[in-house]
Amino acid sequence: MDQNTQEPHTGTPAGRSHVAYLADCARAGDRSCFEQLVGMFQEEIFRMAFYRTGSRMDAEDLTQDTFMKALKSLPRLKDTSRFRSWLFSIGVNRVRDFHKKKRILVFFGVKAEGKELQPDDRQPSENPNPLTDLIKQEFWGHMQCLANELSRMEREVFLLRFLDQLSIKEIAQALNRSESAVKTHLYRSLNKFRDNPGLARVLQGENQ
Amino acid sequence: MTHEKEPHLNEKEITRAVVDEADLPAHLQKHLFLCDFCRAEKERFEKQLSQLGRMAERLAPSHRRRVTLTAQRTSRNPWFRTWRFPGLLTACVSAAMVIAVMWWTTPLTTSLEDSQARLIREILQDEQFLSEISWLEEHAISLIYFDISGESMPGISEEFMEFVIPAIQNEPTYHEMTKEVYYVA
């Protein structure tokens, strides 16, 4: 597994050029090409936003915001082969703005403080199976504990690498950091992940 | 084989290998290539991380609301729709309120009223003064009486002057004359 260049969702180099081709067409004004890009990436962006907010409604809003911002800013994208990392960059910034606004509302007592990686318990469960709900609760609970131990950059790099499945190169482009800085944060986050026995237990239970 | 005599990679070295195997020192890269145990450890850790990603994807909800691309806004937003407008408006309203409070609390308005009253009083006093001068002009002592009045002869007493030039009893004084004409509130 080549960690630096593989793009699991676009697959082969031919897949990567297809995204770049669609991005070129969309940049030229072809709306249908952009809609195809939306269809390809909206699930990923939604999950990215959900991992960082814990709320489906907020994640849907942020997904919509991300693509609207991408549509508006597409003429400024110079290298369309970086479309995926560029899109994630917009999404990460949108999530960051969301949390800033949320902190201000919590400060003024308008909104209650909530945990990011633990899903909103008020949302009705999609799966009626109580065991799945229990596993879900336990998993996100342990993820929240891990996130609390990581610094902001370590958390972002860890989520982008192992939950959002971005390569180190893509992470560096999305966060506008050097690859060595990304690797340093990734190394530290993995050491803390090793020290979290709860997640390991959940993953081990999943295997059985 | 020689690699079996070398110590196995520790946890931190395995972690570094998972991040990027190329960052390991050359001898560790070689050991990892040849040692089944260390390679299995690395793959186990990678599998655990891969499983973490799959589990997160499986347990995340599916989004119900699809992205809709509305009509794109024009790049030139009206000025009152810019994000800066609410801030500028707030600043202007605050400044106007501060100026209004300062205007009503400063003594400018009261001093204006005082200066007007003072001006009126001064005008009246000037008119009174001019009237006094006019009266003195009309009732000036003629030159021939200067000698008799004794102003030029300090040795002459007042009784002698009264004998020579008796005072007219019924002639009103200047103040008695002006009392009826001027009345200042």
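The values are calculated or read from the model by the stated rules, or taken from the named source; none is laboratory data. Here the structure is a predicted model, which means the values were calculated and not measured. FYI the Cβ positions are ideal-geometry reconstructions off the backbone, even for glycines, and counts take in every protein chain you see.
Restricted to the stretch B:19-28, and to residues that are assigned to a helix (DSSP H, G or I) and at pLDDT below 95, which residue is surrounded by the most Cβ atoms within 10 Å (Cβ to Cβ)?
B:Leu28
So, in the stretch A:154-208, how many residues would count as being within 22 Å of A:His142 (Cβ to Cβ), surrounded by fewer than 22 Cβ atoms within 10 Å (Cβ to Cβ) and among the β-branched types (Val, Ile, Thr)?
So the answer is 1.
Checking the condition touching a residue at least 40 places away in the same chain (Cβ under 8 Å) and within 18 Å of A:Ala174 (Cα to Cα), which residue from A:Phe34, A:Phe46, A:Phe67, A:Phe83 passes?
Exactly one of A:Phe34, A:Phe46, A:Phe67, A:Phe83 is touching a residue at least 40 places away in the same chain (Cβ under 8 Å) and within 18 Å of A:Ala174 (Cα to Cα), namely A:Phe83.
Residue check, A:Gln6 against (1) away from every other protein chain (no Cβ under 11 Å); (2) within 25 Å of A:Val182 (Cβ to Cβ); (3) at pLDDT 90 or above, all met but one. Which one?
Every listed condition holds for A:Gln6 apart from (3).
Residue by residue through the stretch A:28-78, note down the ones that are in contact with a helix residue (DSSP H, G or I) (Cβ under 7 Å, 6 or more places away or on another chain), of a type in the set (Ser, Thr, Tyr) and at the interface with chain B (Cβ under 10 Å from one of its Cβ atoms).
Residues satisfying the conditions are A:Tyr51, A:Thr63, A:Thr66.
Tell me, yes or no, whether the stretch B:47-59 has at least one residue that is touching a Phe, Trp or Tyr at 6+ places or on another chain (Cβ under 7 Å), of a type in the set (A, V, I, L, M), more than 7 Å from every other protein chain (Cβ to nearest Cβ) and surrounded by 12 or more Cβ atoms within 10 Å (Cβ to Cβ).
no
Considering every residue within the stretch A:174-187, establish whether at least one is under 15 Å from the mean Cα position of the chain (by Cα) and more than 11 Å from chain B (Cβ to nearest Cβ).
Within the stretch A:174-187, one or more residues are under 15 Å from the mean Cα position of the chain (by Cα) and more than 11 Å from chain B (Cβ to nearest Cβ).
I'd like to verify a number: residues in the stretch B:126-140 that are of a type in the set (Gly, Ala, Ser) and surrounded by 10 or more Cβ atoms within 10 Å (Cβ to Cβ), how many?
Residues flagged as of a type in the set (Gly, Ala, Ser) and surrounded by 10 or more Cβ atoms within 10 Å (Cβ to Cβ) within the stretch B:126-140 amount to 2.
Kindly provide the set of residues from the stretch A:144-167 that are over 14 Å from the mean Cα position of the chain (by Cα) and hydrophobic (A, V, I, L, M, F, W, C), ordered by number.
A:Cys145, A:Leu146, A:Leu150 - these are the residues of the stretch A:144-167 that are over 14 Å from the mean Cα position of the chain (by Cα) and hydrophobic (A, V, I, L, M, F, W, C).
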